[in-house]
Structures are given as C-alpha cells and as structure tokens.
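Structure, as structure tokens:
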Amino acid sequence: MAQSTPKRKIKDSVFTNLFQDKKYLLRLYKALHPEDGNVTEEDIKDVTIKHILVDADYNDLGFSVGGRLVILIESQSTWTLNIIIRALMYLIQTYHDFFKRTKQNLYGSKKVNMPKPELYIIFTGEKPENPPDTISLSKDFFDGEKIAVDAEVKVLYQEDKNSIIGQYIIFCKVYNEQRKKYGQTKKAVTETIRICKDRNVLKEYLESKEQEVVDIMMTLFDDEQVLEAYAEDIKNSEARETAERMIRKGKMSLEEIADYVPSLSLEELKELEAAIMQLV
C-alpha cells in the first residue's frame, strides 16, 4: 500500500502553527531583541495577513510590540532576492490594515502614528556561499542607488539550539535530510519529529502538538504537484499539436518527427498518425 504524501511546503504551515502560540512568539521576539527583557505575551499583537500576497501555502508572520512592527517572511529552499519585494508588499498591506484598524486619517493634516518597521527573512534551504546578513531593494536591485522607497531586510539562517528561530531552521534542515532518505512519505515526517525531539529541537512544541504537526505535514493536496502536473499536461498537448502539424504536412517520417518531438514515443506518433488518417 502506497504511503501518503506530505506537502512539499510543509515549513510554511509548521512555521505558522508554531508561532501562532504566543508563548513561542514571545521567544521569537526575544531572540530578535534580547535587550527587551520586560516584554510579555500580552504586549504582542498578531497582525499576520492571511492569504494576501499569494496562495494558502505561504503564511508569513507579522506582529507588533509597542512601537515596533515586525514582519518575518520565510524563504523557500531556493535562495531568491525577490523575497525583498514580497516583504515590502507585505509591509505595505500591513500598514494599510493598521491605519484602517486605528481609524487614522491619511488625508488629514495631522501626522499619523505608525510603528517602526523591521523586516526579516528566515532562510531554511541550503545556505548560499557567503550569505548576506542584510539585503535591500536599493543595493540588490538598483546597484546601491538612492531610491524613493527602500526596504532593508535582515537575513536569518543560523542553526542555533539556544534560539527558537535557530531551532526552527534545524527542524527544516532535518526534514530536508529525511525527505532525501525516504522521499515524500510519512516515514520522513515521523523521523523528522523523532530526531528533533531526541536533539531537544522544538521538543516541547513537538511533544504537545505531535499529531497536529503530523496532520499538517501529511496534507495530501500539494499545490506544487498540481502545478507540475498541469504544466506537464500543457507540454504534452503542445507536443501533440506540433507532431500533428508535421504529420499532416507529410514531409517527414515518423522517426524524423520523433527527433523533433522527443516527449512523444514512436508508438504514440504511430497512433496519432492512424487517428489523423481516419479523419482524412
């Protein structure tokens, strides 16, 4: 019996599930601001935007503490500077919601009050060579030119068992290792949880929500797989259309057409030719 297949982007869902708990969100904030020792769970307000920028597989994190507005965007396994734009778009939408929620008039003469923004990305893939500590719109898109609107994003990628952010990164790395061993299977999921608990990585969270974490990671519908299947269908459809045009022209043999359309086998080309001849 085939094993169930976990979602490819499980880190996003676990990321959201972990930090929607104020206890862990407070630890995250203190990892970013260890000097701010008096902050309590009650001081933190979740302002996470649900499904605004992209589909439901990406749940980034936003929260405010006093005069700070903290936005964390998780980068996927492939490093990309485009995440700066994601962070900036998320920040703008969060400010839009903030002014609406606080009923401040952007068109009035009185200067509005707004929290100071902090942008972070958590990179959980294979670390690039000489990874930057910060990336910015000006530096990375406009060669350091002064621009009207800039966005500076701090990059978090260090594995650290003493930090909940570092533990989360370790968790993701362990899952990637287990997926290489066992594929997209429940075995990869359960081994990830077992190894992390043994290493005291997110142990409290994994013990208290183990079944929930398994359920999250074992979601059957994977948007990425659906998109890949859709793209493959389009590719095959285009290949058949090309082969059909070439067969109808009658200037090439099926063997020659197979060289131009390698995604179709000679047997498939013969079947296509037979179907075309029936219509003539």
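Assorted remarks:
- Taking (1) open to solvent by 30 Å² or more (accessible area, probe 1.4 Å); (2) closer than 30 Å to Lys45 by Cβ in turn, Asp140 satisfies each apart from (2).
- Contacts under 6 angstrom Cβ, first residue in segment 100-115 being under 21 Å from Asp43 (Cβ atoms), partner among the acidic types (Asp, Glu), 6 or more apart: none
- Some residue of segment 143-156 being more than 28 Å from Leu91 (Cα to Cα), open to solvent by 20 Å² or more (accessible area, probe 1.4 Å) and either out of contact with any helix residue (DSSP H, G or I) (no Cβ under 9 Å at 6 or more places or on another chain) or in contact (Cβ under 8 Å) with a residue 12 or more places away in the chain (or both): no
- Residue in segment 146-168 that is among the hydrophobic types (A, V, I, L, M, F, W, C) and closer than 16 Å to Leu18 by Cα present: yes
- If the condition is being modelled with pLDDT of 90 or more and among the β-branched types (Val, Ile, Thr), then segment 169-188 contributes Ile169, Ile170, Val174.
- Some residue of segment 189-210 being within 21 Å of Asp60 (Cβ to Cβ) and either in a helix (DSSP H, G or I) or at pLDDT below 95 (or both): yes
- Filter result for Met114 (modelled with pLDDT of 90 or more, of a type outside the set (Asp, Glu) and surrounded by fewer than 18 Cβ atoms within 10 Å (Cβ to Cβ)): yes
- So Tyr157, is it of a type outside the set (Asp, Glu) and either in contact with a Gly (Cβ under 6 Å, 6 or more places away or on another chain) or within 23 Å of Val47 (Cα to Cα) (or both): no
- Residues satisfying the stated conditions in segment 132-152, i.e. more than 17 Å from Thr80 (Cα to Cα) and among the acidic types (Asp, Glu): Glu145, Asp150
- Count - residues of segment 117-134 that are modelled with pLDDT of 90 or more and loosely packed, with under 10 Cβ neighbours inside 10 Å: 1
- Residues that are part of a helix (DSSP H, G or I), modelled with pLDDT of 55 or more and not polar (S, T, N, Q) within segment 211-228 comprise Glu212, Val213, Val214, Asp215, Ile216, Met217, listed in sequence order.
The values are calculated or read from the model by the stated rules, or taken from the named source; none is laboratory data. As the structure is a computational prediction, the values presented were derived from the model and not from experiment. As a convention, Cβ positions derive from the backbone with ideal geometry for all residues, glycine included, and neighbour counts pool all protein chains shown. Quick note on the areas: whole protein, heavy atoms, side chains included, nothing else; ligands and nucleic acids left out. Shrake-Rupley method; radii C 1.70, N 1.55, O 1.52, S 1.80 Å.
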